[in-house]
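Engineer: First the structure, then my questions, so here it is.
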Amino acid sequence: MPMASHAQSETGSRLKAGWALTAAWQAKARSKPKPKTDWSAYAETYDLLLEYNPAYQELLREFESFLSEADAPRVIYDVGGGTGNYSQIATRRYPESSVYFIEPDRGMRLRAKEKLSAHDNVIFIDRPLQEVEPPVKADLVICAHALYTMPAPQDRLVELRNILRPGGLLFLVDVGRPLKVAEWRTYLLSHLMREFGVVKATKIFWKGREIASQNKAIFKAQMANLYWTHSGAEIASATKKAGFEIMSQKTAYRGYSDLLLCRAAS
Ligand SMILES: C[S@@+](CC[C@H](N)C(=O)[O-])C[C@H]1O[C@@H](n2cnc3c(N)ncnc32)[C@H](O)[C@@H]1O
């Protein structure tokens, strides 16, 4: 049956060609660089958020008010501490406390070291959370806008729980929704124009262009499922599963983030 065998061999070679195309496509997808945030580049202008972003300033006020109501913590961990804005507030309020500052990015760490240089009791740890052996148990853990960038966030939440003594507190704020860069641009630009006028607003915007660029990278990583996106209910459930009691929870950062105050279950 020459016709049949010819048809079979044609089908076979079409299949082979199809597989080759699929394999080539998969190899291309694998070799495509993964979207990645350049935290050191971000660090250069990160503190423009501190100076000019009311939503970021609001988070710091939330942290200050949380601290004013908590018992004085002896040992604090700031996980993914960035340029040190939360630790600065903590060390000002509690200069006697020890702060373990976990920050794997050199650029971020250098900024934080400068900022916290007046305090002798800050210990800098230059590794990611998943590689840290906590030397002591904490009374307070701060994890602000860092968890969603970490691999396997559920496991990281368990590590945050294990750093704490039973009854210790976690101040957790995490970006959960995709960061819409154009929406932020409109919000910030109109705020800056109202506050400073067109000329200064444009200058600040130009200075902060790296922030927009890194936020685009964050958005891409969120879309590629490399960064965790979550609803309030999802982060609440993950936090409880890791062994925390949630004392309070609300949305923050213009609806993009969730803010949870938690206690490590005994
Ligand atoms: C958006 S910044 C937040 C900085 C600071 N907490 C704040 O809110 O101003 C996220 C930080 O998480 C850090 N980070 C990323 N992966 C981490 C990990 N696995 N362990 C600890 N920190 C991490 C980054 O280097 C970066 O400085």
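What follows is calculated from the coordinates using simple rules that are stated; it is not laboratory data. These figures come from a predicted structure and were not determined experimentally. Please note: Cβ atoms are built from the backbone with ideal geometry, for glycine as well, and neighbour counts cover all protein chains shown.
Engineer: Could you give the length gained by full extension between residue 198 and residue 219, i.e. 0.36 nm per residue of separation minus their alpha carbon distance, to one decimal place?
Structural biologist: Between residue 198 and residue 219, full extension yields an extra 4.8 nm.
Engineer: Any chance you could check the Cα centroid distance between the stretch 169-214 and the stretch 65-112 for me, in angstrom?
Structural biologist: 24 Å
Engineer: Within the stretch 150-189, name every residue whose backbone N is under 18 Å away from a label modeled 7 Å from Cα of residue 233 along the Cβ vector.
Structural biologist: Inside the label zone: 176-178.
Engineer: Between Rg and the Kirkwood Rh of the stretch 169-266, both from Cα atoms, what is the Rg to Rh ratio? Could you put the intermediate results ahead of the total?
Structural biologist: Working: Rg = 16.8 Å, Rh = 15.3 Å.
Rg/Rh for the stretch 169-266 comes to 1.10.
Engineer: From the gyration tensor of the Cα coordinates in the chain, what semi-axes in whole Å does the equivalent ellipsoid have, largest first, with each one equal to sqrt(5λ)? Intermediate results must be reported in sequence, preceding the final value.
Structural biologist: Values: eigenvalues 349, 130, 61 Å².
Over the Cα atoms of the chain, the semi-axes work out to 42, 26, 17 Å.
Engineer: Can I ask one more? Under unit Cβ charges (Lys, Arg +1; Asp, Glu -1), what dipole magnitude, rounded to 20 debye, does the chain have relative to its Cα centre?
Structural biologist: 1020 debye
Engineer: Read phi for every residue in the stretch 209-225 and hand back ³J(HN,Hα) as whole Hz from Karplus 6.51 cos²θ - 1.76 cosθ + 1.60, θ = phi - 60°, with x for Gly and Pro.
Structural biologist: Each residue's phi maps through the Karplus curve to give 5, 5, 4, 4, 5, 6, 5, 5, 5, 5, 4, 4, 5, 5, 5, 8, 6 Hz.
Engineer: Among 36/180; 36/207; 36/113; 180/240; 137/241; 115/241, which pairs are too far apart, with a Cα-Cα distance over 26 Å?
Structural biologist: 180/240; 115/241
Engineer: Give the long-range amide H neighbours of residue 77: residues separated by 5 or more places, or on another chain, with amide H under 5 Å away, using H modelled in the peptide plane at 1.01 Å from N.
Structural biologist: 100, 140, 141, 142
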